[in-house]
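This report concerns only the one structure given below.
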Amino acid sequence: MNPHSTIVAISTAPGRGGIGVVRLSGDQALPIARTLLHGDVALPSWTPVLAHLTDAQGAVIDQAVVTYFARPKSYTAEDVVEIACHGSPVVLRHCVERALKAGALLAEPGEFTLRAFLHGRIDLPQAEAVRDLIDATTLYQARIAAQQIDGSVSRRVMPLKVQLLELIALLEAGIDFAEDDIDVAPPAELSRRLAPIAEGVTRLAQSFAYGQMVREGFTLAIVGRPNVGKSSLFNRLLQQDRAIVTDLPGTTRDMISEVASIGGIPIRLVDTAGIREGRELVERLGIERSFQAMADAGLTLVIIDAAAGMLPEDTLLWARARGQGRCLLIANKCDIARTTPDALNVSALTGEGIADLRDAILRAVAPEALEAESGFITSLRQEQALREAVDGLDRAALAIAENIPHEMLLLDLYAALRGLDTVTGATTADDILNRIFSTFCIGK
């Protein structure tokens, strides 16, 4: 990236629309934008202005609302001009081509956000959250991304970093006064100061388990004997008739999957073939896929028929599911039978107990403490950096316990500090930045 260049790109999604936006950023954004407009249009900062777009011969081709954002109060902390015209691909492309001829460069994916990061407008977690907000498929994902754009992750990291810097300063001072036999940092004091830092960093690293689920979702497999209501329950959770439902056992021969939102978390629901002794090749293959779906799922719902009770086949399937991971026992058809002990009783037909089932699914896969806590991390990169910080803090705690010289202890503390700096982007290599911002869309 040439930091002194002016970049241009279409910032709205590809295709036709009512409105399309062309964005310029850089020192020459305003002069280049003026070459696209008819007449000498005044463009005061932060004031939308109605103007006319022209072609190379000066003929008007569209009306547009042009907004100039003067540095540093803009998205990139550079001069930014946004031209909102009608969303015709021809008009938008022509606007970009004219800007390129006037001296602008075509923006790379994520280059606007990268410039915002490099100019200190946002930190790296906030930049990553911009991408998450664009990719959000549920309102809950969007809300979490908006919190991170607002700095929720940074607000949790910075107090820990300040405490760590204070501890490092204390040790450095102790080394400076070593010749005067002044013990400014006894082991008990070091341990007292280190413990809350290590606890806070560890908790933040552990929050990735929930954050990853919020960002990427998980898979839920619905399994059971034929005709226990798996497909009906699948349709009820999906809130549409996706799977075929009949009274004939073995209607579902293959897996059916759809994505639904439960508690704002995207969940891939998998309806599987009824598990029994297969009578033909196709059914046996479907049953094998059912077992594979159980093994791959983040959570398995084992469905039994409340009217029939817990049969031996159900007991074997339930034992298998418990041996493979998280699972819930669901007794369907409770509208025509008494409740089943040790199972969550629902009716896919009437909807009875479905709300409780949704809550049980969330409780099974999402730690309630983390769900209620803001500022959890959703990026694998952030989790790895925090794990490096945790390792450094663990080594530092061991060094304190074994009375290792402070000069050596500082090496571990500085290693932990580098991990925290990597989270916020203070010490991030260029190749990591390129990898992060290359996943953005062009124009953002």
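Laboratory data are not the source of any read-out in this text; all were calculated from the coordinates shown. All figures in this text were calculated on a predicted structure; none of them were measured in a lab. With ideal geometry, Cβ positions are generated from the backbone for all residues, glycine too; neighbour counts draw on all protein chains shown.
So what is the relative contact order for the chain, in percent, with contacts set as C-alpha pairs under 8 Å and at least six apart?
Details: 790 pairs, mean separation 72.4, N = 444.
Over the chain, the number comes to 16 percent.
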Whichever lysines have a C-alpha closer than 19 Å to that of Lys333, once near sequence neighbours (fewer than 8 apart) are set aside: Lys230
Between the stretch 285-361 and the stretch 96-120, the Cα center-to-center distance that results, in Å: 53
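Given the chain, what percent of its DSSP beta bridges are antiparallel, to the nearest 5? Each step should come with its number before you reach the end.
Details: 32 of 53 bridges.
Taking every DSSP beta bridge within the chain, about 60 percent pair in antiparallel fashion.
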Using Cα positions and a limit of under 28 Å, work out the lysines in reach of Lys101, with same-chain residues fewer than 8 apart set aside. Lys73, Lys444
The alpha-carbon center of the stretch 15-33 and that of the stretch 400-428 are separated, in whole Å, by 45
Write out the GluC sites (Glu not before Pro) in the stretch 307-403 meeting two conditions: DSSP loop, and at most 16 other Cβ atoms within 10 Å of their Cβ. Glu352, Glu373, Glu402
Mean residue ellipticity (222 nm) of the chain, computed from DSSP H runs ≥ 4 via -39,500 (n - 2.57), nearest 500: -15000 deg cm²/dmol
